[in-house]
Amino acid sequence: MDVIKVSKPRKVKGENYKVYCDIDWLGENKSLWLTYPKEFDSYVDSSSVDWVATALLIPAMLAKSDLIISGTISSSLYYFLCSDIQKILHIQNPDLSQIKIHVDEMALRCKANDYQSASGFSAGVDSFSSLALLGDSQALKPNYLATLNVGAMGKGDNARKMLKKYATRLTEFCVNHNYKPLIIDSNIDEFFEGLSYQATHSIRSAAAILALGGAISRYYYSSTFEYPSIGVSKTYDMSYADPILLPLFSTEATEFRAIGTNLSRLQKVELISDYETSYKYLDVCVGDPAKRLKSDIPNCSQCWKCSRQIMTLELLGSLEQYSDVFDLEKYHANKQSIVFKHMMNVLLPNRPNDWDVIKLAELKGVMNKSNIKALIRASKLSWRLRRFIANKLAKTYTESI
């Protein structure tokens, strides 16, 4: 089997605090790096490769190449990276092969004396519902909210610009709501060529947090799916296994937990529609980053995530409250074509969050349950028929609401 060799990480202190390592990637010279706030510098151990091994695991498995990494790794993390985690990843994506990981030594990580917790903040439905859940308890409320550039913001210059935009939003939000901002930039995404962000997001975020050593004692990761959908199987979205997979990335010093798995997508939207802070900040968009950078509002109002969110808010009677973050004129002018995108997803297998919108439409009397069930069965016959049925469902929805 081929081998990928990674040097011991080094820290750079300057305008940005940075940790990086050089990599011999099958004969090609590369570098893996990550920046972090100055306040975390005393916790970032340049000899620790917890974050490096986590960040490079999937790319190495895809390359069918063992990892040789100079440095020390958490004993518990090393065990699970070599066993359970690889098993789960292979089941989710059979193209990923079992590999070996070689490090200089294993170590027990020390917990920080001043306990600090954090939660990811993308301003989406999952992150806002997590804040609503955690904020009810002073003991659970996170100290930090984190915005991590690990692949969701696009590539190259656009990713840096999006991070700057999101960092401004995060800082403003934290000042107004008594949190501390945690902003991390990285080039982790460069190593995931050919792998979608949706299929790998949890492990990317875990890697970024692990780079901080024991500074974050507990990290809450907003869960995408409800418990009935949780399991380990071949999938397009890593988060189907989050409550199972995330704790395996924990070290002796940092614990990962999924939050919000007890709620369906519909329940989360209902929760945040009473959470006034979301009216100004909600951002669910997965549209083109270049176009989003030029827009005054965060959501394109027509991608598949925007269409699902707008339809849900419309059915709940809460859409007008979000006029600052969605282009409602665009939605109403192009409703059938926008709803069509959602219906195309509904007709795919294993789409519980998309199906939630249909269940709500049924409850509101907008769509007929028996007709939809029959159409979904018929849509499996061909791609052309699926498009025809999705368009029919979109027309029914548009004319009924």
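The values are calculated or read from the model by the stated rules, or taken from the named source; none is laboratory data. No experiment lies behind these values; they were computed from the predicted model shown. FYI the Cβ positions are ideal-geometry reconstructions off the backbone, even for glycines, and counts take in every protein chain you see. Just the protein is used for accessible areas: all its heavy atoms, side chains included, with ligands, DNA and RNA removed. Shrake-Rupley method; radii C 1.70, N 1.55, O 1.52, S 1.80 Å.
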The helices (runs of 4 or more DSSP H) lying entirely within the range 325-384 that contain at least 1 residues which are without any contact (Cβ under 8 Å) to a residue 24 or more places away in the chain, farther than 28 Å from THR261 by Cα and among the aliphatic types (A, V, I, L, M) are 328-333, 369-379
Restricting attention to the range 23-47, the residues that are farther than 26 Å from ALA199 by Cα, surrounded by 16 or more Cβ atoms within 10 Å (Cβ to Cβ) and not β-branched (Val, Ile, Thr) number exactly 4
When the range 100-133 is checked residue by residue, the ones that are modelled with pLDDT of 90 or more and among the polar types (S, T, N, Q) are GLN116, SER117, SER119, SER122, SER127, SER129, SER130
Note on the range 188-213: residues open to solvent by 10 Å² or more (accessible area, probe 1.4 Å), in a loop (DSSP other than H, G, I, E, B) and not hydroxyl-bearing (Ser, Thr, Tyr) are GLU193, GLY194, LEU195, GLN198, ALA199, GLY213
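Residues are listed down the side, and each one gets a yes or a no for (1) among the hydroxyl-bearing types (Ser, Thr, Tyr); (2) at pLDDT 95 or above; (3) in contact with a strand residue (DSSP E or B) (Cβ under 8 Å, 6 or more places away or on another chain); (4) not in a helix (DSSP H, G or I):
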residue: PHE256; (1), (2), (3), (4): no, yes, yes, yes
residue: ASN262; (1), (2), (3), (4): no, yes, no, yes
residue: LEU271; (1), (2), (3), (4): no, no, no, no
residue: GLU276; (1), (2), (3), (4): no, no, no, yes
residue: PRO298; (1), (2), (3), (4): no, no, no, yes
residue: GLN302; (1), (2), (3), (4): no, no, no, yes
Filtering the range 202-220 for residues that are within 15 Å of ILE85 (Cβ to Cβ) and in contact with a helix residue (DSSP H, G or I) (Cβ under 7 Å, 6 or more places away or on another chain) leaves a count of 6
Among the residues of the range 311-327, the number that are under 24 Å from the mean Cα position of the chain (by Cα) and of a type in the set (S, T, N, Q) is 1
By residue number, the members of the range 234-279 that are in contact (Cβ under 8 Å) with a residue 60 or more places away in the chain, farther than 27 Å from LEU348 by Cα and not aliphatic (A, V, I, L, M) are PHE249, SER250, THR251, GLU252, THR254, TYR275, THR277, SER278
Expected output for the range 58-82 (first residue among the charged types (D, E, K, R), partner part of a strand (DSSP E or B) and surrounded by fewer than 17 Cβ atoms within 10 Å (Cβ to Cβ), Cβ below 8 Å, 6+ apart or cross-chain) is LYS64/ASP2; ASP66/ASP2; ASP66/VAL3; ASP66/HIS102
